[in-house]
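Notes to accompany the following structure.
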Amino acid sequence: HILDARDFNPICPGISIDTRFRMESGIGAMPIQKVQYLGGPSSLPALKNKIIAGNRLALINTEVRLSLALLSSFFENDNPEIIIMNDFGFCKRVRDDNHLLQGYGDMMLKSIAYNVGIGLGHPSGIQLGVSWRTDVKETGRFFFRFQRPF
């Protein structure tokens, strides 16, 4: 079962806040293809791809997009953007999985993975950026996207 809500809010010309909220719950014996994963460019870019697995997932991604044309007259159009990203994720395996919301009550601050990042992008979706984990001290992970993550 998947709940996916996305909102794209232009604040004023050249500034927007984009948000995605996603919850997934798997019930019963699930094949490996149906397991929920966190990590990688479309969920938590500072983590390696699909590093956290479970049958309960909650994910919040936010992006603040700022047109470079607002900052300098050097940029003649609104296409190049600075993107500031915040990503929060929770994923765990629940043994007694008969109820869709079972296991979400275990969500504590220490069980939520948080990434922060910055990048350059284009409204077409191309992005180049770096994202950092906040739970451990590591160097940032660079990523390149051909399309927007949400």
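The values are calculated or read from the model by the stated rules, or taken from the named source; none is laboratory data. Everything numeric in this text was worked out from a predicted model, so none of it was measured. Cβ sites come from the backbone with ideal geometry, for glycine too, and all protein chains shown count toward neighbours. Just the protein is used for accessible areas: all its heavy atoms, side chains included, with ligands, DNA and RNA removed. Shrake-Rupley method; radii C 1.70, N 1.55, O 1.52, S 1.80 Å.
Laid out as a table, the results:
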| item | result |
| --- | --- |
| Amide H contacts of Arg93 (H built 1.01 Å from N, under 5 Å, at least 5 apart or other chain) | Asn55 |
| Solvent exposure of segment 50-150 as accessible area per residue, Å², 1.4 Å probe | 61 |
| FRET efficiency, Thr134 to Asn98 (Cβ-Cβ, R0 22 Å, nearest 0.05) | 0.05 |
| In segment 1-92, chymotrypsin sites (Phe, Trp or Tyr not before Pro) in a DSSP loop with at most 16 other beta-carbon atoms within 10 Å | Phe74, Phe75 |
| For segment 2-77 and segment 132-146, distance of Cα centres in Å | 14 |
| Derived scalar couplings ³J(HN,Hα) [segment 21-26; Karplus, 6.51 cos²θ - 1.76 cosθ + 1.60; whole Hz; x for Gly, Pro] | 10, 9, 10, 9, 9, x |
| Calculated from backbone phi, Karplus (6.51, -1.76, 1.60) coupling profile of segment 50-67 in Hz, x at Gly/Pro | 6, 7, 10, 10, x, 10, 10, 9, 9, 9, 10, 10, 10, 9, 9, 10, 10, 5 |
| Per-residue ³J(HN,Hα) for segment 32-41, Karplus 6.51 cos²θ - 1.76 cosθ + 1.60, θ = phi - 60°, Hz, x for Gly and Pro | 4, 5, 9, 5, 8, 10, 10, x, x, x |
| GNM result for the chain, Cα springs below 10 Å: residue of Gln127, Gln36, Gln102 fluctuating most strongly | Gln102 |
| Ser111 versus Leu70: modelled label distance in nm, points set 7 Å from Cα along the beta carbon direction | 3.7 |
| From the coordinates shown, volume of the Cα convex hull per residue in Å³ corresponds to which of (1) 129; (2) 118; (3) 137 | (2) |
| Whole-percent carbon and sulfur share, accessible surface of segment 58-150, 1.4 Å | 60 |
| Accessible-area order (highest first, 1.4 angstrom probe) of the listed residues Met85, Met108, Met23 | Met108, Met23, Met85 |
